[in-house]
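Read the figures in this text as sums done on the coordinates, not as results from a lab. The model shown is predicted, which means the values in this text are computed figures rather than measured ones. Backbone-built Cβ (ideal geometry, glycine too); neighbour counts: all protein chains shown.
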Amino acid sequence: MFISYFLGSIPSGYLAGKWISGIDLREKGSGSTGATNVLRYVGKIPALIVFLLDVGKGTAAIILSKVFLLDQNWQVIAGLAAITGHIWPIWLKGKGGKAVATGLGIFLGISWKVGLGSLGIFLIILSIWKIVSLSSICAAISLPIIMAFALGDNLSISYLLISLIAMTLVLWRHRTNFMRLINGEEPKIGNRN
């Protein structure tokens with residue numbers, strides 16, 4: 001659990017902002033240290049690297065728990081610890097990212113079908129509307145449904161629970177985006193705000 005939290009809390013986006021552009025992403029745009037804010041204020045390549053690192057943090061937490069032969073309940077705890085570390089990193093006084101990429105990594109670790117399914121929803125919505133927050137919200141809402149269909153009879157209460165918790169955390173972290181979406185003020189990909 002502690003290893004997963006510390007994995008999740010590695011502030012890759014914050015470090016990219018500081019090392020490459022000399023900025024604190026927590027003071028820019030959405031204030032998030034995730035890949036979208038990195039894209040807006042640091043650049044495309046750093047954003048891709050941050051995205052992959054954040055996905056890797058979530059996947060590593062699940063794979064480590066499987067390597068240690070922990071059951072599904074402990075895998076879920078490891079995943080939740082990684083998400084918690086990403087959202088509330090100890091290194092940044094609790095101000096991190098929105099858990100979308102790290103959440104994707106967790107679900108890729110649990111079931112590649114679930115991870116790719118939610119990524120597919122994200123990419124479809126992004127290709128149509130070009131709004132990252134809308135894509136993240138739609139992918140989060142679809143997560144428990146994808147989990148149920150992908151795992152079918154193998155769906156455990158633990159896995160269903162983590163999909164519901166992850167969905168709730170992502171929606172909660174995007175709470176400020178909802179009004180901007182309703183008012184048509186949410187920036188599209190490539191725009192700063």
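Condition (residue is over 20 Å from LYS57 (Cα atoms), hydrophobic (A, V, I, L, M, F, W, C) and crowded, with 22+ Cβ neighbours inside 10 Å) applied to the range 107-122: is it met by at least one residue?
no
Check whether at least one residue in the range 49-62 is of a type in the set (Gly, Ala, Ser), over 18 Å from MET167 (Cβ atoms) and either in a loop (DSSP other than H, G, I, E, B) or in contact with a strand residue (DSSP E or B) (Cβ under 7 Å, 6 or more places away or on another chain) (or both), and report yes or no.
no
Hey, does the range 158-179 have a residue that's over 25 Å from THR33 (Cβ atoms), of a type in the set (Ser, Thr, Tyr) and over 16 Å from the mean Cα position of the chain (by Cα)?
The answer is yes; a qualifying residue exists.
What pairs come up if the first residue lies in the range 159-171 and is among the aliphatic types (A, V, I, L, M), the second is not in a helix (DSSP H, G or I), and their beta carbons are under 7 Å apart, counting only those six or more places apart or on different chains?
LEU169/ALA99; VAL170/LYS98; VAL170/ALA99
If I go through the range 99-119 residue by residue, how many of them are part of a helix (DSSP H, G or I) and over 20 Å from VAL50 (Cα atoms)? Write out each step before concluding.
Residues of the range 99-119 part of a helix (DSSP H, G or I): 100-110, 112-119.
With the extra rule that they be over 20 Å from VAL50 (Cα atoms), the set shrinks to 110, 112-114, 117.
Selection size over the range 99-119: 5.
Checking LEU39 against (1) free of Cβ contacts under 8 Å to residues at least 60 places away in the same chain; (2) in a helix (DSSP H, G or I); (3) farther than 27 Å from TYR159 by Cα, only one condition comes out false. Which one?
(1)
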